[in-house]
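The values are calculated or read from the model by the stated rules, or taken from the named source; none is laboratory data. Predicted, not measured: the structure shown is a model, and the values here were computed from it. Here the Cβ is made from the backbone with ideal geometry for all residues, glycine too, and neighbour counts use every protein chain on show. Calculation scope for accessible area: heavy atoms of the full protein, side chains included, ligands and nucleic acids excluded. Shrake-Rupley method; radii C 1.70, N 1.55, O 1.52, S 1.80 Å.
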Amino acid sequence: MRWIYKRLIIAFLTIYFAMTFTFIVIKAMPGDPIQALAQQFVRQYYMSYEEALAMARSVAPFVPNGSLLQQYVSYMAKFFRGDLGVSISVSTGTPVTKILADAIPWTVLVVATALVISFGLGTLIGMAMAYKHGSRLDSGLLIFFSILRSMPEYIVAIILLSIFGFQLGWFPVRGRYDYQALEALHQGHVLQFIANVLWHATLPILAWVITHIGGWALGMRGSTISVLGEDYIGYAKARGIPERRIITRYVGRNAILPLFTSFMLSIGFMFGGSIIIEYIFSYQGIGLILYQAIENRDWFLMLGAFNLIIIAVVIGALLADLLYGFLDPRVRRGAQTV
Amino acid sequence: MSYRRQTLRYLIHDWVIVPGKIILRNKKALVGFIIVLGYIVMAAIGPEVTPYPQTYKYPRYIKPTLLKWPPSLEHPLGTDYFGADIWDEIVWGSRTVLIIAFTAGIITTLIGISVGMIAGFVGGRLDAVLMGITDILMTIPGLPLLIVLATIIRTSSPFVIGLMLSINAWTGLARSIRSAVLALKHTEFVEAAQALGLPMWHIVFREIMPNLMSFIAVNFIFATIGAIYGSVGLYFLGILPFTAFNWGIMLNMAYAQAGAHQSLETIHYILAPIGAIVGLQLGLLLFSYAVDELFNPRIRTEIS
């Protein structure tokens with residue numbers, strides 16, 4: 001039990017220091033949200049900069065002032081009470097929690113679906129490769145997946161968008177859903193709306209799957225090969241246990257364990273990486289929100305999005321550590337004695 | 001004099017002849033080596049022999065003349081939205097891309113090795129602090145952090161951009177080096193060296209490092225690939241100032257300004273930088289297949 005408490009304290013400290021570091025870095029950015037907002041007004045309403053500045057100040061009176069330390073203390077104190085401040089640029093005055101709550105489900109939809117598909121398919125293919133390792137199929141797939149793994153997501157995304165969005169016109173090129181689908185939802189056609197949402201999410205999901213499946217397949221291949229060399233697999237075969245049971249119970253279970261930690265960590269990292277995918281597909285999720293917030297120096301929105309991703313990464317790592325203990329009997333026993 | 005010559009001969013043998021033979025033996029690595037060498041040559045002398053890619057010099061969107069029949073080298077990759085020759089832009093962009101990538105690769109690897117080695121060797125409180133910092137940096141989302149940093153630093157120097165890209169790229173390597181050092185610390189040959197009272201630098205550089213070299217070299221290659229991805233991505237998003245030529249700037253222009261991905265008539269503008277990036281990554285990746293053999297003493301002696 002002491003081990004769990006220690007792990008929890010470390011997780012909390014990591015979150016705290018990462019948040020502090022982010023706060024300092026963001027405050028070091030040149031320009032401030034009022035200036036950015038004023039420039040926006042100048043472009044929108046053709047007013048002089050002084051007028052725009054005065055207007056920006058009156059529209060956004062909540063922009064923090066005081067010393068850096070005061071701002072830090074007040075932000076942190078409010079943050080841990082669940083108050084993330086209000087947005088300055090994206091619909092001025094809207095609470096950050098509301099904007100994030102509106103964006104997160106969409107990013108989760110894309111990222112989680114992509115992760116499940118790439119992990120599921122990747123581990124299956126990786127295991128098959130390990131069983132056939134050394135064959136021509138295996139070495140061909142090995143090169144193929146290495147290439148896929150080193151491809152940046154944005155390149156795959158642009159290619160997909162160009163082929164399936166613009167040339168063939170099979171999938172929409174931007175957005176989370178069509179306006180008509182939203183109207184259909186209001187009239188009670190839920191299925192039609194869901195279909196439209198999935199149709200819009202297909203290309204972003206595909207971009208993630210293509211760039212991530214290789215990593216899972218290669219990881220699973222390596223891990224399966226080392227498990228296949230273990231003595232207990234030989235004993236299991238000698239005891240006449242059916243092959244199918246050996247593959248699922250003996251090989252699969254043990255081979256997937258080392259991948260488990262990276263699976264949990266991927267969730268958070270994919271949140272951070274979603275900036276570029278959501279930018280390309282104009283998909284209004286947390287990544288695009290964060291990008292717009294950075295562009296407009298929208299401090300509270302930026303901090304909120306950053307801190308949320310930080311917390312997601314740390315909780316993912318924490319859950320991975322704790323669950324690993326339950327999944328791996330060696331760690332379980334070891335943890336109890338410590 | 002003759003002693004010096006002898007040393008030189010050994011050096012050439014160890015660093016040129018043996019690695020050369022290993023690369024020649026491994027077909028994948030040979031292809032990769034040739035590709036990477038081609039890019040390095042392009043970056044080193046390309047801008048000296050290729051005309052400066054001036055805008056509004058030619059008509060817009062000329063189709064690649066390499067694809068025409070008969071193929072010609074007039075505009076091998078065509079011209080872009082702004083009437084500049086795309087091949088010239090690719091050549092001029094290669095220099096900054098390579099400088100950024102290798103700077104970031106070297107710095108990332110150096111920080112990763114140092115932090116991992118010190119944490120693993122010294123242990124105790126220093127280890128806890130170093131690994132704490134590593135964990136904290138690992139937690140902060142990388143691309144968003146880079147975007148924020150890029151707005152603070154606002155530089156167009158490829159060296160500074162390379163330095164910036166390594167801000168938290170080293171964390172994974174540091175962790176792996178640390179666990180490798182912890183495992184090697186208790187091997188017989190290291191304990192024997194310690195019992196003999198050999199100095200610290202000897203143990204680190206002569207006993208431990210040779211065992212990690214292939215791992216480090218592979219990580220260097222992947223750090224370089226990651227830096228290409230990161231820097232081009234930052235340019236693509238329009239975060240870094242557009243002062244020099246860079247494939248990321250071409251991507252941004254083609255995607256955000258010209259919308260070249262939308263039609264077959266203009267697609268060659270966006271395919272050119274994509275091809276350049278993918279080709280370089282492919283070359284580095286294929287070359288990494290030989291790294292294991294390059295540092296494997298058994299294969300080295302077998303060959304010489």
(request) Check each residue of segment B:132-156 and keep those whose accessible area, probe 1.4 Å, is at least 30 Å² smaller with all protein chains in place than in the chain alone; give them in order of residue number. (result) B:136, B:138, B:139, B:140, B:141, B:143, B:144, B:145, B:147, B:148, B:151, B:152
(message) If you count only protein heavy atoms with a 1.4 Å probe, what accessible area per residue comes out for the protein assembly as shown, rounded to a whole Å²?
(response) 49 Å²
(request) Please build a GNM for chain A, connecting alpha carbons under 10 Å apart, and tell me which residue among A:71, A:35, A:180 fluctuates the most. (result) A:180
(message) Charges at C-beta only: +1 for Lys and Arg, -1 for Asp and Glu. How large is the resulting dipole of segment B:187-304 about its Cα centre, in Debye rounded to 20?
(response) 240 debye
(message) Using a 7 Å offset from the Cα along the Cα-to-Cβ direction at both residue B:8 and residue B:192, what is the distance between the two label points in nm, to one decimal?
(response) 3.7 nm
(request) Specify the residue with the greatest mean-square fluctuation among B:226, B:162, B:20, computed from a Gaussian network of chain B linking alpha-carbon atoms under 10 Å apart. (result) B:20
(request) Determine the distance separating the Cα centre of segment A:76-98 from the Cα centre of segment A:154-201; give it in Å without decimals. (result) 30 Å
(request) For each pair in A:132/B:27; A:6/A:98; B:27/B:185; A:27/A:98; A:237/B:27; A:6/A:27, compute the distance between the two Cα atoms and list the pairs where it is over 29 Å. (result) A:6/A:98; B:27/B:185; A:237/B:27; A:6/A:27
(message) Compute the distance from the alpha-carbon center of segment B:240-304 to that of segment B:159-203, in whole Å.
(response) 30 Å
(request) Just read off the accessible area of residue A:6 with the full protein assembly in place, 1.4 Å probe, to the nearest 10 Å². (result) 130 Å²
(request) Could you rank the peptides B:244-255, A:305-316 by their average count of other C-beta atoms within 10 Å per residue, with the highest value first? (result) B:244-255, A:305-316
(request) Please report the buried accessible area for the interface of B with A, total over both chains, probe 1.4 Å, in Å² to the nearest 100. (result) 3700 Å²
(request) Report in % the part of the accessible area of the protein assembly as shown that belongs to carbon and sulfur, leaving out ligands and nucleic acids; probe 1.4 Å. (result) 66 percent
(message) What is the angle, in °, between the Cα long axis of helix A:253-280 and the longest principal axis of the Cα atoms in chain A? Nearest 10 is fine, range 0 to 90.
(response) 30 degrees
(message) Just to be sure I understand the model, the point goes 7 Å from the Cα along the line to the Cβ. What's the resulting residue B:125 to residue A:249 distance in nm?
(response) 5.2 nm
(message) Just to be sure I understand: with springs between alpha-carbon atoms less than 10 Å apart, which residue in A:210, A:117, A:143 has the highest mean-square fluctuation in the Gaussian network model of chain A?
(response) A:143
(message) I'd like the FRET efficiency for residue B:55 and residue A:68, computed as 1/(1 + (r/R0)^6) with the beta carbon distance as r and R0 of 56 Å, rounded to 0.05.
(response) 0.80
(request) Measure nothing but the geometry: give the 0 to 90° angle between the long axis through the Cα atoms of B:2-12 and the longest principal axis through the Cα atoms of chain B, rounded to 10°. (result) 60 degrees
(request) Would you mind computing, in nm to one decimal, how far apart the modelled labels at residue A:265 and residue B:154 are, each placed 7 Å from Cα along Cα→Cβ? (result) 3.6 nm
(request) Within segment A:238-338, list the trypsin sites (Lys or Arg not before Pro) lying in a DSSP loop whose Cβ has at most 16 other Cβ atoms in a 10 Å radius. (result) A:239
(message) If each residue of separation counts as 0.36 nm, what is the full-extension length gain between residue A:40 and residue A:54 once their alpha-carbon separation is subtracted?
(response) 3.8 nm
(message) Quick check: the angle from helix A:190-228's long axis to the longest principal axis of chain A, C-alpha only, nearest 10 degrees?
(response) 40 degrees
(request) Report, in debye and to the nearest 20, how large the dipole of segment A:98-336 comes out about its Cα centre when Lys and Arg carry +1 and Asp and Glu carry -1 on their Cβ. (result) 980 debye
